[in-house]
Amino acid sequence: AGTLAVIGLVVGAFLAVDGPMWLQADRIADVGETPIIQLADGSTVQLNATSAVAFELSGARRVVKLLRGEAYFQVAKDPQRPFVVEAMGGKTTALGTAFNVRLSDATADVVVTEHRVRIAAANGAAGIEVGEGQGAAYSSG
């Protein structure tokens, strides 16, 4: 019984400190923090408070997974490696651009501030291009 109580306390503490998110994320912004992250390719990501991201940057790919919250992306041009933000099962591909992605319980909202992006929702529907000053939203289903 004592061992089960200790296990229960450890699991409870792990969940209380956002442990599952820490296992997935490369960076989590604290409450009231809006950090700007400089990526190795010259792109920047500004997280909103309590947001979380994971990065997959390699010679062939530039993928950022928005796991929670909101992030603003200013993308460095690299025609050989598309810059893709994955969120809620969908993908937003930068076409030389700056844009914002915000997750809510039901949708991912994308707003383009410079140039264009291509958005492909998780449901397999054909992607759409969204231009500067425009936005689009999609859900996971």
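Some observations on this one:
- Residues in the range 121-141 that are open to solvent by less than 70 Å² (accessible area, probe 1.4 Å) and under 17 Å from the mean Cα position of the chain (by Cα): Ala121, Ala122, Gly135, Ala136, Ala137, Tyr138, Ser139.
- Members of the range 68-78 found to be within 21 Å of Glu33 (Cα to Cα) and at pLDDT 95 or above, listed by number: Gly69, Glu70, Ala71, Tyr72, Phe73, Gln74
- Residue count, the range 84-111 (criterion: in a strand (DSSP E or B) and open to solvent by 20 Å² or more (accessible area, probe 1.4 Å)): 9
- Condition met for Arg81 (in a strand (DSSP E or B), at pLDDT 90 or above and touching a Gly at 6+ places or on another chain (Cβ under 8 Å)): no
- Residue in the range 46-60 that is in contact (Cβ under 8 Å) with a residue 12 or more places away in the chain, over 21 Å from Leu23 (Cβ atoms) and open to solvent by less than 20 Å² (accessible area, probe 1.4 Å) present: no
- Of all the numbered requirements in (1) open to solvent by less than 40 Å² (accessible area, probe 1.4 Å); (2) assigned to a strand (DSSP E or B), Arg118 misses one, and that requirement is (1).
The values are calculated or read from the model by the stated rules, or taken from the named source; none is laboratory data. Keep in mind that what you see is a predicted model, and the values were worked out from it rather than measured. Cβ coordinates were reconstructed from backbone atoms using ideal geometry, including for glycine residues, and neighbour counts include every protein chain displayed. In case anyone asks, the SASA skips ligands and DNA or RNA and just uses the protein heavy atoms, side chains included. Shrake-Rupley method; radii C 1.70, N 1.55, O 1.52, S 1.80 Å.
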